[in-house]
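Undergrad: Here it is, the structure, as structure tokens.
The values are calculated or read from the model by the stated rules, or taken from the named source; none is laboratory data. Note that the structure is predicted; figures quoted are calculated from it, not measured. Heads up, the Cβs are rebuilt from the backbone with ideal geometry, glycines too, and the neighbour counts pull from every protein chain shown.
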Ligand SMILES: O=C(O)c1ccccc1N[C@@H]1O[C@H](COP(=O)(O)O)[C@@H](O)[C@H]1O
């Protein structure tokens, strides 16, 4: 049986970080995109990062950052993965991949099957693609699900994960339809924008494990 990977993103407090670790999250995402309700400044991200044991990987979420701030934030927080969730190009990520040792993930806004085909340009530039809804009010974190059937019928050439509007209630169906091996949720685990609910974090991880 496949052991699926779970990422809980946009955590901002020690309590929710501890809850996600205790519940068995594989990845915890820290959001350094200032307009987001889940934004944490670098010094807070560093403190949260220090609570996370090596068995849980840390993902630093950035949007359209320039190379120097990117390097500074990565150096300070020391994540295992850097998730780029804006309009970063394959060429730019390719250059970065030569300079940084961390794993690189690229979020792809999915509108149709063509979105998946076009994302193949990131082969060699990103270690993993994260399929999410197309940008809305924010580049991500909008709680909007994509058409999961597109993923099931696609010949994936790059490791990938599913994001976008996942909740404890729908993630089982999302796994069944898409076959995703990594499931990523943020706003669907909140009681209000930016306020994570410990019960929903636990329920999400349990639902993935049961799928
Ligand atoms: O969460 C945010 O505010 C955010 C802001 C900018 C880029 C990405 C963001 N979140 C990421 O988007 C996906 C899907 O989130 P959701 O589950 O639909 O809320 C996920 O990777 C979030 O971490």
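Undergrad: Going by what's in this entry, would residue 49 be described as over 18 Å from residue 194 (Cβ atoms), touching a strand residue (DSSP E or B) at 6+ places or on another chain (Cβ under 8 Å), more than 14 Å from the ligand (Cβ to nearest atom) and in contact (Cβ under 8 Å) with a residue 40 or more places away in the chain?
TA: The answer is no for residue 49.
Undergrad: Let me ask something additional. Regarding residue 170, is this residue under 27 Å from residue 206 (Cβ atoms), over 14 Å from the mean Cα position of the chain (by Cα) and free of Cβ contacts under 8 Å to residues at least 60 places away in the same chain?
TA: So residue 170 fits the description; yes.
One line per residue, one yes/no per condition, for (1) away from the ligand (no atom under 16 Å from the Cβ); (2) at pLDDT 95 or above; (3) under 30 Å from residue 173 (Cβ atoms); (4) within 17 Å of the chain's Cα centre (by Cα):
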| residue | (1), (2), (3), (4) |
| --- | --- |
| 1 | yes, no, yes, no |
| 12 | no, yes, yes, yes |
| 20 | no, yes, yes, yes |
| 29 | no, yes, yes, yes |
| 63 | no, yes, yes, yes |
| 66 | yes, no, no, no |
| 86 | no, yes, yes, yes |
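Undergrad: Just give me the residues in segment 2-50 being surrounded by fewer than 16 Cβ atoms within 10 Å (Cβ to Cβ) and farther than 23 Å from residue 86 by Cα, in sequence order.
TA: 2, 3, 13, 14, 15, 18, 22, 24, 47, 50
Undergrad: To continue, here is another question. Counting only residues that are touching a residue at least 24 places away in the same chain (Cβ under 8 Å) and more than 16 Å from the ligand (Cβ to nearest atom), how many does segment 74-84 have?
TA: Of the residues in that region, 3 qualify.
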